[in-house]
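Colleague: Questions regarding the structure given below will be posed in turn.
The values are calculated or read from the model by the stated rules, or taken from the named source; none is laboratory data. Everything quoted here is computed from the prediction, not taken from an experiment. Ideal geometry is used to build each Cβ from the backbone, glycine not excepted, and the neighbour counts take in all protein chains shown.
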Amino acid sequence: MKNKITKAIIPAAGLGTRFLPVTKSIPKEMLPIVDIPTIQYIVEEVVKSGINNILIVVSSNKNDLVDYFDSNFELEETLRKKGKVKELEIIEKINNLANIQYVRQKYPKGLGDAILCAKNYINNEPFAVILGDDVIINKDKTIQPGLKQCIDIYEKHKKMVLGVQHVSYDETDKYGIIQPKNKNINSNSEIEVEGIIEKPKPENAPSQYAVIGRYILPPEIFEKIENSSLSSRGEIELTPALEAIAKQDGAYACNIIGERYDIGSKFGLIKATIDEALDHKEVKEEVSNYIKELAKKL
Ligand code: UTP
């Protein structure tokens, strides 16, 4: 892999069944962390990582997400007439965050299939993938965004990079777990990868480093996905294609620094909301007092 990373894909076409009933009509990526939808956190991470061209993979019931990054003439005119300058600025900033395009995944056939929908957009270059429901927040602003940490490792080695974080042994069966090349990897920021095992039981896990929704992929991944067979869940997964690239060309994992929230799970969204509310200038005091009072009763 040679080129610079200039494009990012955000798969956001999943059904969000863990979040029903709200996801019956509201995309889970539009669920807010206080007052900002999850997808805006994701798009901002991409932009802060130096990428402006973004393709979001959506499905037929994700139109709210598409509308969110578009202009809303009526709202903007009303805010302008009423002199609500601050609100207008916030809205206009969202319209101009990045150069965003969309592609539809016809059926939710899995993450591999969602990425395959981006094949024509990518044009034979390496590219970034960041999942639409996996938020990483760094309160310490001197630390680079999660995706940028992966890009830095890609630029050093010019090989596929998988964003990972350390998980406890009883969680390995929820993730793709990397098999490191060397045994002694404690707290390294980059880890050479030999293979990946999808959702291993703790006793079979080759490490405790789980792939967490940030990837720098070579264009050859498309052919590997096309050659993948359906998983036991009847989906086209991404892991077999990642494994094939790692075996063929080698790969690195980036041990990402940052607090990660799985917004696809209820507890993940609740945690993110509390943490962000405690940092939100309008409500932090009220929320902090409320939590202190609540804690006394627990
Ligand atoms: P998840 O497995 O977390 O999403 O996929 P899901 O299928 O919506 O979740 P549940 O299990 O039903 O609650 C991770 C990311 O990949 C996208 C999702 O939108 C999410 O951002 N995805 C998943 C697709 O774009 N297409 C798919 O077919 C599956």
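Colleague: Glu203 fails exactly one of the following numbered conditions: (1) in contact (Cβ under 8 Å) with a residue 24 or more places away in the chain; (2) part of a helix (DSSP H, G or I). What is the number of that condition?
Modeller: Checking Glu203 against (1) in contact (Cβ under 8 Å) with a residue 24 or more places away in the chain; (2) part of a helix (DSSP H, G or I), the one that fails is (1).
Colleague: Would you check if there is a residue in the stretch 142-149 being more than 10 Å from the ligand (Cβ to nearest atom), touching a strand residue (DSSP E or B) at 6+ places or on another chain (Cβ under 7 Å), polar (S, T, N, Q) and not in a helix (DSSP H, G or I)?
Modeller: no
Colleague: Also: Take the conditions away from the ligand (no atom under 16 Å from the Cβ), within 30 Å of Lys271 (Cα to Cα) and outside any helix (DSSP H, G or I) and apply them to Asp152. Does it pass?
Modeller: So Asp152 does not fit the description; no.
Colleague: Select the strands (runs of 3 or more DSSP E) contained entirely in the stretch 96-139, then report the ones holding at least 2 residues which are over 23 Å from Glu198 (Cβ atoms).
Modeller: 99-104
Colleague: Looking at the stretch 30-43, which of the residues that are part of a helix (DSSP H, G or I) and either over 24 Å from Asn120 (Cα atoms) or free of Cβ contacts under 8 Å to residues at least 24 places away in the same chain (or both) is nearest to the ligand (Cβ to nearest atom)?
Modeller: Thr38
Residues are listed down the side, and each one gets a yes or a no for (1) of a type in the set (Lys, Arg); (2) within 14 Å of the ligand (Cβ to nearest atom):
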| site | (1), (2) |
| --- | --- |
| Thr6 | no, no |
| Ala13 | no, yes |
| Val47 | no, no |
| Ile56 | no, yes |
| Lys62 | yes, yes |
| Asp70 | no, no |
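Residue-by-condition table, conditions (1) surrounded by 21 or more Cβ atoms within 10 Å (Cβ to Cβ); (2) of a type in the set (D, E, K, R); (3) under 16 Å from Arg260 (Cα atoms):
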| residue | (1), (2), (3) |
| --- | --- |
| Val135 | yes, no, yes |
| Gln144 | no, no, yes |
| Asn184 | no, no, no |
| Glu203 | no, yes, no |
| Ile212 | yes, no, yes |
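Colleague: Show the residue pairs that are 6+ apart or on different chains and have beta-carbon atoms under 8 Å apart, the first residue being within the stretch 11-22 and more than 18 Å from Gly213 (Cα to Cα) and outside any loop (DSSP other than H, G, I, E, B), the second being at pLDDT below 95 and within 6 Å of the ligand (Cβ to nearest atom).
Modeller: Listed pairs, sorted by first residue: Phe19/Gly264.
Colleague: Is there a residue in the stretch 251-266 that is farther than 25 Å from Ala13 by Cα and surrounded by fewer than 16 Cβ atoms within 10 Å (Cβ to Cβ)?
Modeller: Within the stretch 251-266, one or more residues are farther than 25 Å from Ala13 by Cα and surrounded by fewer than 16 Cβ atoms within 10 Å (Cβ to Cβ).
Colleague: In the stretch 4-28, which residues are farther than 15 Å from Tyr121 by Cβ and not basic (Lys, Arg)?
Modeller: Gly14, Leu15, Gly16, Thr17, Phe19, Leu20, Pro21, Val22, Thr23, Ser25, Ile26, Pro27, listed by residue number.
Colleague: In the stretch 109-133, how many are farther than 19 Å from Phe69 by Cβ, in contact with a helix residue (DSSP H, G or I) (Cβ under 8 Å, 6 or more places away or on another chain) and either among the hydroxyl-bearing types (Ser, Thr, Tyr) or within 16 Å of the ligand (Cβ to nearest atom) (or both)?
Modeller: Total meeting the criteria: 6.
Colleague: Answer yes or no: is there a residue in the stretch 137-156 that is aliphatic (A, V, I, L, M) and touching a Phe, Trp or Tyr at 6+ places or on another chain (Cβ under 6 Å).
Modeller: Checked against the condition, which is being aliphatic (A, V, I, L, M) and touching a Phe, Trp or Tyr at 6+ places or on another chain (Cβ under 6 Å), the stretch 137-156 yields at least one hit.
Colleague: Kindly establish whether Asn99 is out of contact with any Cys (no Cβ under 9 Å at 6 or more places or on another chain) and at pLDDT below 95.
Modeller: no
Colleague: Moving to a separate point now. Any residue in the stretch 48-55 that is under 19 Å from Ala8 (Cβ atoms) and either touching a Leu at 6+ places or on another chain (Cβ under 6 Å) or modelled with pLDDT under 95 (or both)?
Modeller: Looking through the stretch 48-55, at least one residue is under 19 Å from Ala8 (Cβ atoms) and either touching a Leu at 6+ places or on another chain (Cβ under 6 Å) or modelled with pLDDT under 95 (or both).
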